[in-house]
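Here, each number is a calculation from the coordinates, and none is a lab measurement. Computed from a predicted structure; not experimentally measured. Here the Cβ positions follow ideal geometry from the backbone for every residue, glycine too, while neighbour counts run over all protein chains shown.
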Amino acid sequence: MSNIHSMPSNQHLYDQASNWIVKMDRGLSADEKIALREWLQSDTENHDILMEMTQLWDKMDAMTRLSDLFEKPGKPTEANKANSQRYRPYFAIAASTVIAAVAGLWALFGAVDNGNYYQTAIGEQSTVMLQDGSQITLNTNTKVQVRYTDQARLLN
């Protein structure tokens, strides 16, 4: 019998939520609206993660509004307008990629404020006394995050 248990990661839910936010920002088709409703109803965690990502999106939108405070250089010419419209899809893709990367980093590192990370290197084993008085033994090349709620201790 093995005492090694794999810990499920919800990183894929953050990725899916980021994709839904990008789609909502550009406007959802009727089929996408149905798919979004199904995704939200499939797991209560989906709704919570989507709301977290929406708050992050709103914070980034605030930075866009700040840029309105600064004077824009000169009046655009027709040639400049045509060039900016030509590159608009590339900017949208770049912005989506940046948002997905920020969301991924936020999901990876943002949960640190209510948890502790423990890690062992290759060949190393460690026993750690947790805040609630319990112990956890880490095998070689293991990483675990321990978070506490009012009802439970969560290991990721």
Practice task
Just grab the label-to-label distance for ASP58 and LEU105, each label 7 Å out from Cα along the Cβ direction, in nm (one decimal).
Solution key: 2.3 nm
Practice task
Determine the sum of side-chain charges near GLU32: Lys and Arg each +1, Asp and Glu each -1, restricted to other residues whose C-beta is under 11 angstrom from that of GLU32.
Solution key: +2
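Add +1 for every Lys or Arg and -1 for every Asp or Glu among the other residues with Cβ under 14 Å from the Cβ of HIS12, and state the total. List each step's numbers first, then the result.
Working: positive: none; negative: ASP15, ASP43, GLU45.
After counting each charged neighbour, the total is -3.
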